[in-house]
Amino acid sequence: MREIVVVANRTLGGRKLLERVRALAGEQETRFRLVVPQSKPSSGLVIYDEAVRDSAQVRIDLAVSLLADEGIAASGAIGDQDPFLATMDAIAEHRPSEVIVSTHPVTHSGWLRRDLIERIQSASGLPVEHIVTDLEHEGLPFRVTLVIANRTASGEELIDRLREKAAHGERHLFIAVVPQQGGHGAAAQGARVRLQGMLERLRAADLLAAGMIGDPDPYTAAMNALELFKVDDVVISTLPNERSGWLRANLIERIRGAATVPVEHVIVDLSEVGAAAPAAAGS
């Protein structure tokens, strides 16, 4: 089976890249190895390494799932923050026949300013195909909804609303972000458990979803995700007014004021299933 390494970060879901992968898969049996170098957001006083890795893993999970739906064999790995080192590591491990590198246009690409394509060609001796994706003008070949939730992550009202959004015929992806409520130890683990519970419910409903834990501050978590991912809209899930720390902090209005996409608020009343608890910092 032919092996091709595909290196991309924010352009991984781009239309041109997907079309090229489909074309190559149609020529002969091919396995694609996706490499996503880690990319740090600019917001937040502290950048959590786990959140940085999670954002790369979200891209991999969604891309592998999309390709699997089309019968295309693919796997992925998180790479070094330096895209050259990430690529050379993948080449050493998988010994591919060729490499594809996807970037933004030259005016917006830090990779191209560092001569990434030429350096990979020189160091590896492999053919390197360069695909340019202008997400701002081309968009993505599917709709993407960013979901911000914590204690309400698996609430019926939220899952039902996301199911409704995906029922309009257009291919729909969901990126879930659960703020950590602390950032270390049990707090981060609790966020991870809530995230996994939510993803299991979404996948059980046949929705294509991936997720990450985010900054303890829900506003910063949302802003980081909006920077890292190109999304069409945002859904924020909270407890009802009197029990929601997020609403007391005017989170919805603050994100609406900063975001350039629609922001929807879904209220989940956990008390209806006996899961109510005193409000903490999260909602």
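Here, each number is a calculation from the coordinates, and none is a lab measurement. Worth saying up front: this structure is predicted, and the values here are computed from it rather than measured. Cβ atoms come from the backbone with ideal geometry, glycine included; neighbour counts cover every protein chain shown.
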I need the per residue convex hull volume for region 142-273, using only the alpha carbons, in cubic angstrom as a whole number. 100 Å³
Give, rounded to the nearest 20 debye, the magnitude of the charge dipole that the chain has about its Cα centre when Lys and Arg contribute +1 at Cβ and Asp and Glu contribute -1 at Cβ. 180 debye
Could you grab the relative contact order for region 2-137? Cα pairs under 8 Å, six or more apart, rounded to a whole percent. 32 percent
Cα-Cα pairs in region 2-137 separated by more than 28 Å, as a whole percent of all pairs, come to 12 percent
Given the rule -39500 (n - 2.57) for each run of at least 4 DSSP H residues, summed and divided by the residues of the chain, what is its mean residue ellipticity at 222 nm, to the nearest 500 deg cm²/dmol? -12000 deg cm²/dmol
Please list 3J(HN,Hα) in residue order for region 8-21, calculated via the Karplus relation 6.51 cos²θ - 1.76 cosθ + 1.60 where θ = phi - 60°; whole Hz, with x for glycine and proline. 7, 10, 6, 9, 4, x, x, 4, 5, 5, 4, 5, 5, 4
Mean separation of Cα pairs under 8 Å and 6+ residues apart, divided by the residue count of region 142-273: what relative contact order is that in percent? 32 percent
So, with +1 on the Cβ of K and R and -1 on the Cβ of D and E, and no other charges, what is the size of the charge dipole of region 2-137 about its Cα centre, to the nearest 20 debye? 180 debye
Considering the options Leu199, Gly245, Asn150, tell which one lies farthest towards the positive end of the dipole of the chain, charges being +1 on Lys and Arg and -1 on Asp and Glu at the Cβ, about the Cα centre. Gly245
If one takes the longest principal axis of the Cα atoms in the chain, at what angle in degrees, from 0 to 90 and to the nearest 10, does the Cα axis of helix 83-94 lie? 70 degrees
Report the full-extension gain for the segment Ala68 to Arg248: residue separation times 0.36 nm, less the Cα-Cα distance, to one decimal in nm. 60.5 nm
For the chain, I need the span (max minus min coordinate) of the C-alpha atoms along each principal axis, in Å, sorted largest to smallest. 62, 39, 35
Percentage relative contact order, the chain, counting C-alpha pairs under 8 Å, at least six apart: 19 percent
Can you list the residues of region 127-164 with backbone N under 12 Å from a point 7 Å past the Cα of Arg22, pointing along Cα to Cβ? 141-142
Can you give me the angle between helix 156-165 and the longest principal axis of the chain, using Cα atoms only, in degrees from 0 to 90, rounded to the nearest 10? 40 degrees
Does anyone have the angle between helix 218-228 and the longest principal axis of the chain? Alpha-carbon axes, 0 to 90°, nearest 10? 20 degrees
Hey, got the dipole for region 142-273? About the Cα centre, +1 on K and R Cβ, -1 on D and E Cβ, debye to the nearest 20? 260 debye
